[in-house]
2 protein chains.
Amino acid sequence: MSNTRVLPLLDPDVSEVAKAPEAVAPCCPPLTERPFTSEEAETAARMFKALGDPVRLRLFSAVASHEGGEACVCDISDVGVSQPTVSHHLKKLKEAGLLTSERRGTWVYYRVEPSVLSAMGKLLTISPAAA
Amino acid sequence: MSNTRVLPLLDPDVSEVAKAPEAVAPCCPPLTERPFTSEEAETAARMFKALGDPVRLRLFSAVASHEGGEACVCDISDVGVSQPTVSHHLKKLKEAGLLTSERRGTWVYYRVEPSVLSAMGKLLTISPAAA
DNA sequence: CACCTGCTTCGACAGTCGTCAACATAGACA
DNA sequence: TGTCTATGTTGACGACTGTCGAAGCAGGTG
């Protein structure tokens, strides 16, 4: 289950994808545009929550900034916690749709899901109306 | 203690503020620029964590999108949890430096700390080097 | 085959978190 | 003064989370 179906943040439901098949639509409008609905909040919070732990943030940043946009676990696991804990956090990031993983021979490589970063960025955009 | 010193994300330490007094510097570089240090991760994670709860996200979005950029508690407390819980979450958002509050007569108004939004947005920017 | 290395899963434990009801406090107003 | 409304605080409780050591699994090498 290296590359299980993830991205629950961008396409939380299959029906959503069917509506806009050509481009993965961002889950939610900018935070400043209008009050989030319960569903939007649920979806977006999952994303923020995944980045709400220092260790996960370091792991994510390490992968995101690594050359080629991907990194082997061995490249990034020096964050001060045990190796099982690293694995645990990487799994969480994967479940949140922020990372994907692929095994190549001995090593496992993690890669940032690129559309997620921009989707989160848009969330924090100052909406034109508010500006 | 309505407007206690907050903003631990933007100026986590007084000494930091002393170094750059004219503008509140963003806490961290873009996530994609280089691996976060432990301190940077600690600071930024506090921010993400605060938004990592659906109820808090709805409250924050409600304040952020409200006219005038501020909202009375009574305007936004319809999020499906009890009033003490709303108060609890607003306190958390305040402690995270995302909101400020002010009492005006009978009501308490919450307002988004504007620099925080842009700081978080920059965090999620694709750094030029990675692009 | 046996053995080693890289990574994940399992099981357990302490600590944190979200929630509520009950109580407390601050202003407005009579 | 007393009372009413709007918020905040306290205390308790169940659920979730981060962490580790031990065990398991996958691939490479001999």
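The values are calculated or read from the model by the stated rules, or taken from the named source; none is laboratory data. Model, not experiment: these values are computed from the prediction. Note: ideal-geometry Cβ built from the backbone for every residue, glycine included; neighbour counts use all protein chains shown. For accessibility, only protein heavy atoms count, side chains too; no ligands or nucleic acids. Shrake-Rupley method; radii C 1.70, N 1.55, O 1.52, S 1.80 Å.
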Worksheet item: Which of B:Gly68, B:His89, B:Ala119 sits closest to the plus end of the dipole of region B:36-123, meaning its Cα is farthest towards the positive end, when Lys and Arg get +1 and Asp and Glu get -1 on the C-beta?
Response: B:His89
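May I ask you to compute the full-extension gain from B:Ser115 to B:Arg103, defined as 0.36 nm times their residue separation minus their alpha-carbon distance, rounded to one decimal in nm? Working shown, then result.
Numbers: separation 12, 0.36 × 12 = 4.32 nm, distance 2.17 nm.
Contour length minus Cα-Cα distance gives 2.2 nm.
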Response to the item:
Partner shielding of B:37-50, taken as the mean number of other chain Cβ atoms within 10 Å, equals 5
Fill in: Against the rule of thumb 2.2 N^0.38 Å, how large the Cα Rg of region B:36-123 comes out
1.10
Worksheet entry | Nearest-first distances (nm) between copies at A:Glu102, label 7 Å from Cα via Cβ | 5.3
Response to the item:
Counting only protein heavy atoms and leaving out ligands, DNA and RNA, the solvent-accessible surface of B:Asp75 at a 1.4 Å probe, in Å² to the nearest 10, equals 90
